[in-house]
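Right, one structure below, let's go through it.
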Amino acid sequence: MINETRVNLKHLLEDIRDSYASPLEEVIITELIANALDSGATKIEFKADPDAKFLRCTDNGQGMKREQIREYHNIAATAKQKGRGIGFAGVGAKLSLLLGEKVITESKGGRGSRVATEWQLLNPYRAPWKFVPSTDVVITPRGTAVAIYFKDQNIHLLSADFVRSAVIKHFYPLLHNGLTENILRFVYRKGVEFVVNGEIVVLSDSEQRADSIFAVGLGRRKKAIGAGFLTKRIQLQNWLQKLTGQKPAETPLPRGLSVSTFGKIIKSGWEWLGILPKNHETLCGVVEIPALSELLTTNKNDFLSDSASLKKYYKIRKAIQRAILPVLRSLGEYAESDKPPAHKNIKPLTRQIENALLNVTDDFPELLSLLGARRRAPASGGAATGSIDVEEKVSISRESAEKSPSPKKISEEKKTGDKPETSLKKAGLKIVLAELRDEPAALGNMIEETISVNTLHPAWRKSLENNLEEYHIILVTGLVLSEFLDPEKHPQEFLQKLLASWGELNDNEKKLF
């Protein structure tokens, strides 16, 4: 009996493909690995055979039974959920249909369960699949093997070097001894081994180098939630390249600090961190935060951008900033900005801006964790909805990281209708005037709870000439904070409400500058 997927499979697959920044061939490898890791695999083996024109990925994970493999062939259905795991519904095999002639999947699901299927994309509307006899390529008691067959012998996926490079590029943390020892051994307790055409994938000694290993802690007690390393970018040159005078290859790590979760790199660069070292082009590194797996989008290719997820993301981001700043200073890559003498009225203005911000947090709650704010229940005893606990614990274990976040316990007592009180922690928001020599064209930036207004910017000098400093400061504050809004909210709306709130404060009649 032939079963058939009755959707425009090609259109759906192309939509999924377009949601990734990497080339399709890399996405296929990445997703095959991610789904294997989600299934509990400790060994993932690739075989690239250009003569037989197939690539096979075999793992020793949980495997699939007959009913599970039916769902596996339906691109319109997925058992994957937001915030759980790092793979996306077997999409590695599904995207293979865009390149391959056919895909053969064999799986052992335990207790003697054994199943194999053959799947083809005949045209945009026909993707028939059928059960076929198993060839026993899965030799472990449980596991799955996905084999992609091609017509073209020259496709990248048939190159063992390409496959090996893709594994290193996207799962670098799982191959780095420092990250494995300091954080990932708590997630993958039995370790993870990659094999390509019979050879174990390992990093070279030079790649294992890390000038500075750092731990990431959250909250006052600095509860460990991750670890990372930072190093100078190195260039690799083998003996043949030296002999022939070829340029050395660069390290697989891109410039900047990459952030990973469960060993899968999600973002790279410096922009996401909000810190720009002096010689940012020469630095690279990785920070692994398992708890960020809770914040992955459904396709596991980015982080969620709703208000609740953004608050947690920014809280973790601040913890990473605190951890990496001492490292950058020790490497001579970050110095405190040159600050002119502080104006005596900067603190009163900061308090005004704090009050104005707190008045708009009902509309923009994602900014609360950035500002170090918390909400409290009203004095009358009514329960506060949307309660925020700045010291919320984040576990690094696989079980806790995959577990759906539990909502805060909310009292079932009768609500009084009062709004929860919002206040800043003792540290609160801090605004400073600083010369951002590394970013002279920037109006300002934000690191932890400190917003720096760039006094090197021409607009600041113009505001001084016209006695408009306070207006410039609040506009810069608003613009800096608008970068952290939920993407569905418009920065202009935020600026309008912030300025309106500031203008309505009782002490606005007295000009501070």
> Would it be correct to say that L479 is over 27 Å from K311 (Cα atoms) and of a type in the set (A, V, I, L, M)?
Replying inline: no
>> For the stretch 29-47, which positions are part of a strand (DSSP E or B) and in contact with a helix residue (DSSP H, G or I) (Cβ under 7 Å, 6 or more places away or on another chain)?
In response: I44, F46
> With S293, S260 as the choices, which residue is of a type in the set (S, T, Y) and not in a helix (DSSP H, G or I)?
Replying inline: S260
> Looking at the stretch 167-204, which of its residues are of a type in the set (S, T, Y) and out of contact with any helix residue (DSSP H, G or I) (no Cβ under 8 Å at 6 or more places or on another chain)?
Replying inline: Y172, S204
> How many of the residues making up the stretch 164-186 are within 18 Å of the chain's Cα centre (by Cα) and not in a helix (DSSP H, G or I)?
Replying inline: 2
>> Quick check on this structure: which one of R114, R189 is surrounded by fewer than 18 Cβ atoms within 10 Å (Cβ to Cβ) and not in a loop (DSSP other than H, G, I, E, B)?
In response: R114
>> Going residue by residue through the stretch 164-177, is there one that turns out to be more than 27 Å from L331 (Cα to Cα), at pLDDT below 95 and either among the hydrophobic types (A, V, I, L, M, F, W, C) or in contact with a Cys (Cβ under 9 Å, 6 or more places away or on another chain) (or both)?
In response: no
> Restricting attention to the stretch 1-49, and to residues there that are of a type in the set (S, T, Y) and surrounded by fewer than 17 Cβ atoms within 10 Å (Cβ to Cβ), which single residue is modelled with the lowest pLDDT?
Replying inline: S19
>> Can you pull out every residue in the stretch 102-117 that is at pLDDT 95 or above and out of contact with any Ser or Thr (no Cβ under 8 Å at 6 or more places or on another chain)?
In response: K102
>> List the helices (runs of 4 or more DSSP H) inside the stretch 396-513, counting only whole elements, that have at least 2 residues being acidic (D, E) and modelled with pLDDT of 90 or more.
In response: 469-482
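The values are calculated or read from the model by the stated rules, or taken from the named source; none is laboratory data. None of these values were measured; they are calculated from a predicted model. Here Cβ is always computed from backbone atoms with ideal geometry, including for glycine, and neighbour counts include all displayed protein chains.
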